[in-house]
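> This is the structure I want to talk about, given as structure tokens.
The values are calculated or read from the model by the stated rules, or taken from the named source; none is laboratory data. This is a predicted model, so every value here is computed, not measured. All Cβ positions, even for glycine, are placed from backbone atoms using ideal geometry, and neighbour counts span all protein chains on display.
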Ligand code: GDP
Ligand code: MG
């Protein structure tokens, strides 16, 4: 136990976490060149493309120093706010954290939010200035920022380059010297934290665990404290480049357990594994059920694909327990599913996986957050869909989720960022200069305003020089109304949104303008109206096409004419027929692109 070091790496996206992890594996000869892919710890394609780590993994390294042998377990953490609960459980499995800061970028919003999680869990923090090889590195300034943030000594900061390998041996030395060895009682009843899990199509669910107390042996009968289910530990082992089976895992060890579980929903991150016959008194602190926060309808473009879509979603859920879905039908779109996601990135990932891995053509409707409706009778329920909105006569009030948002930016952009946040109903609670030209703004804002187009706008008004992170702080009463969209007088349920009453007028107007841009001209005029209840609040018209498109072909060339018609037909595939109006797929997400 005294020669084990369990640590994670926390960093803002692109500050070099994966590259550095890769270097550590190199230097400790954990992987040979032949085995090495570009970045070992990010092994999903999608992940590599987006440069983010979606699912956390762990890897064990052997390391020798002054004749003493050490086992280092690196626990990788997902870098995005949508997965912050998983990050918190990975952090809980460690005693130390490498805090990586890009020497050209300085401290960013995620650096801070992940750092807070690490500090809450009493981790030893080793600050590392990374990318010092870059000519535009600004080591002195960034070191000052780190000292301000951590209150550490400037000499505690290591400097490294994941690219050249400079400073990497010193990082390993620091891990051994500064990260405390695990503590815990080897003779106590078993208590192992599940910090992650993964679906394997041959073996079922592999749960990643950190043994906090006691020992687990192959073949033991174990119990999961929160789900209360019992299993046999069919296989346990450590995580090298591949899983290596072992006879037992002891206090302080990090490894995996396979116990014949077939679906991801049975294994909950944060749960505690104990023995059935000699159980621990209580589970490890910090367990929570992850709850989806963002909901959207997902519909097949071709209604015949409904069953295929269901099968695809079921497969996706096998390895992603945080995805939820239930059948839903829309008058406009037919049969589909209401899906729950952890956040906007999670939603995009699922959409992309449906497209790439399952070749499913889907329409995703406007996302909304989960609201709590209170009726006059005193009932309360969660609304995941604008159509859940109760009749105004029976509704008492609605509550909406609120977040605390941290934005770090250059001071020249603060004015426009404050305007943006204000337009999103944000209230500033703190403003702090990190250096003379970098500011941290703290806001309280409704989550519902973030799911629309906040992040894109933030990026564009700050020319990319703003980082953003948030966490939930609870629900607050909100004055919400349901805005409906009518096409030629017919309501299109899939285009309805819940919106704050004060913004409804301008929102309705902009929605109609946007839809007018997106809906192509057809053989007749199309009236687009925004309505709250029976009251029409905005209107636009898409004028009918005057001339036949094929007229362009001067009557002559018949093959060209046919090609044009075929092209039109293909285009139509991406359209949905609503009443007599053809509506393109992107119109259903018009709300995300409002000016
Ligand atoms: P992550 O998002 O924190 O995992 O960051 P990555 O490890 O994927 O690195 C982001 C980008 O920075 C990649 O293009 C890396 O090649 C590059 N990078 C990482 N570390 C260094 C470094 O020390 N020096 C330089 N010049 N580039 C680096
Ligand atoms: Mg990465």
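> Can you find even one residue in the stretch 443-463 that is over 19 Å from the mean Cα position of the chain (by Cα), in a strand (DSSP E or B) and surrounded by 15 or more Cβ atoms within 10 Å (Cβ to Cβ)? Before you say what the answer is, go through the steps one by one.
First pass over the stretch 443-463, keeping only residues over 19 Å from the mean Cα position of the chain (by Cα): 443-444, 460-463.
Subset that is in a strand (DSSP E or B): 443-444.
If we keep only those that are surrounded by 15 or more Cβ atoms within 10 Å (Cβ to Cβ) as well, we get 443-444.
Within the stretch 443-463, one or more residues are over 19 Å from the mean Cα position of the chain (by Cα), in a strand (DSSP E or B) and surrounded by 15 or more Cβ atoms within 10 Å (Cβ to Cβ).
> Which ranges mark the helices (runs of 4 or more DSSP H) fully within the stretch 87-197 that have 2 or more residues being within 16 Å of ligand 2 (Cβ to nearest atom) and not assigned by the TED database to the domain that holds residue 220? Break it down stepwise before answering.
Details: elements: 109-120, 139-150, 168-178.
In the stretch 87-197, the matching helices (runs of 4 or more DSSP H) lie at 109-120.
> Go through the stretch 237-267 and count every residue that is assigned to a loop (DSSP other than H, G, I, E, B), crowded, with 19+ Cβ neighbours inside 10 Å and under 26 Å from the mean Cα position of the chain (by Cα).
Filtering the stretch 237-267 for residues assigned to a loop (DSSP other than H, G, I, E, B) gives 240-242, 247, 251-253, 259-263, 267.
Filter once more, keeping what is crowded, with 19+ Cβ neighbours inside 10 Å: 251-253, 259, 261, 267.
In the following step, the residues that additionally are under 26 Å from the mean Cα position of the chain (by Cα) were identified as 261, 267.
Looking only at that region, the number is 2.
> Of the residues 177, 160, which is within 16 Å of ligand 1 (Cβ to nearest atom) and farther than 30 Å from residue 281 by Cβ?
Details: 177 fails: within 16 Å of ligand 1 (Cβ to nearest atom).
Exactly one of 177, 160 is within 16 Å of ligand 1 (Cβ to nearest atom) and farther than 30 Å from residue 281 by Cβ, namely 160.
> Taking residue 139 as meeting all but one of (1) at positive phi; (2) out of contact with any helix residue (DSSP H, G or I) (no Cβ under 7 Å at 6 or more places or on another chain); (3) touching a residue at least 12 places away in the same chain (Cβ under 8 Å), write down the number of the exception.
Residue 139 satisfies all of (1) at positive phi; (2) out of contact with any helix residue (DSSP H, G or I) (no Cβ under 7 Å at 6 or more places or on another chain); (3) touching a residue at least 12 places away in the same chain (Cβ under 8 Å) except (1).
> Taking the stretch 284-319 as the region of interest, how many residues are part of a helix (DSSP H, G or I) and under 18 Å from the mean Cα position of the chain (by Cα)? Explain how you work it out, then say what you get.
Just the residues of the stretch 284-319 that are part of a helix (DSSP H, G or I), to begin with: 303-319.
Add one more test, that the residue is under 18 Å from the mean Cα position of the chain (by Cα), and what stays is 313, 316-319.
So the count comes out to 5.
> Filter the stretch 386-442 down to the residues that are in a loop (DSSP other than H, G, I, E, B) and surrounded by fewer than 18 Cβ atoms within 10 Å (Cβ to Cβ) and list them by number.
Initial filter on the stretch 386-442 (in a loop (DSSP other than H, G, I, E, B)): 389-394, 424-426, 436-437.
If the condition is that a residue be in a loop (DSSP other than H, G, I, E, B) and surrounded by fewer than 18 Cβ atoms within 10 Å (Cβ to Cβ), then 389, 390, 391, 392, 393, 394, 436, 437 are the ones that fit.
> Moving on. Considering only the stretch 47-57, I want to know if a residue exists there that is at pLDDT 90 or above and in contact with a strand residue (DSSP E or B) (Cβ under 9 Å, 6 or more places away or on another chain).
Of all residues in the stretch 47-57, those at pLDDT 90 or above come to none.
Looking for residues that are at pLDDT 90 or above and in contact with a strand residue (DSSP E or B) (Cβ under 9 Å, 6 or more places away or on another chain), one finds none in the stretch 47-57, hence no.
> Anything in the stretch 413-445 that is touching a strand residue (DSSP E or B) at 6+ places or on another chain (Cβ under 7 Å) and in contact (Cβ under 8 Å) with a residue 60 or more places away in the chain? List them, or say none.
425, 434, 438, 440
> Output the residue which, of all residues in the stretch 1-34 that are free of Cβ contacts under 8 Å to residues at least 60 places away in the same chain and either away from ligand 2 (no atom under 16 Å from the Cβ) or not assigned by the TED database to the domain that holds residue 109 (or both), is farthest from residue 62 (Cα to Cα).
Ranking the candidates gives 34 first.
> While we're on this one: When you look at residue 64, is it over 30 Å from residue 403 (Cβ atoms), over 18 Å from the mean Cα position of the chain (by Cα), at pLDDT below 90 and away from ligand 1 (no atom under 14 Å from the Cβ), yes or no?
Values: over 30 Å from residue 403 (Cβ atoms): yes; over 18 Å from the mean Cα position of the chain (by Cα): yes; at pLDDT below 90: no; away from ligand 1 (no atom under 14 Å from the Cβ): yes.
Answer is no for this residue.
> Oh, and also: Please verify whether the stretch 341-357 includes one or more residues that are touching a helix residue (DSSP H, G or I) at 6+ places or on another chain (Cβ under 6 Å) and part of a loop (DSSP other than H, G, I, E, B).
Checked the stretch 341-357: at least one residue is touching a helix residue (DSSP H, G or I) at 6+ places or on another chain (Cβ under 6 Å) and part of a loop (DSSP other than H, G, I, E, B).
> Something else about it: Go over the candidates 327, 300, 367 one by one and state the one that is modelled with pLDDT of 85 or more, over 17 Å from residue 583 (Cβ atoms), crowded, with 22+ Cβ neighbours inside 10 Å and in contact with a strand residue (DSSP E or B) (Cβ under 8 Å, 6 or more places away or on another chain).
On the way: 327 fails: crowded, with 22+ Cβ neighbours inside 10 Å; 300 fails: over 17 Å from residue 583 (Cβ atoms).
Sole residue among the options that is modelled with pLDDT of 85 or more, over 17 Å from residue 583 (Cβ atoms), crowded, with 22+ Cβ neighbours inside 10 Å and in contact with a strand residue (DSSP E or B) (Cβ under 8 Å, 6 or more places away or on another chain): 367.
> Go through the residues of the stretch 71-82 one by one and say whether even a single one is modelled with pLDDT of 90 or more, surrounded by fewer than 21 Cβ atoms within 10 Å (Cβ to Cβ), within 13 Å of ligand 1 (Cβ to nearest atom) and not assigned by the TED database to the domain that holds residue 197.
Here is the first cut: in the stretch 71-82, the ones modelled with pLDDT of 90 or more are 71-75.
In the following step, the residues that additionally are surrounded by fewer than 21 Cβ atoms within 10 Å (Cβ to Cβ) were identified as 71.
If we keep only those that are within 13 Å of ligand 1 (Cβ to nearest atom) as well, we get none.
There is no residue in the stretch 71-82 that is modelled with pLDDT of 90 or more, surrounded by fewer than 21 Cβ atoms within 10 Å (Cβ to Cβ), within 13 Å of ligand 1 (Cβ to nearest atom) and not assigned by the TED database to the domain that holds residue 197.
> Go through the stretch 118-141 and count every residue that is at pLDDT below 95 and crowded, with 21+ Cβ neighbours inside 10 Å.
1
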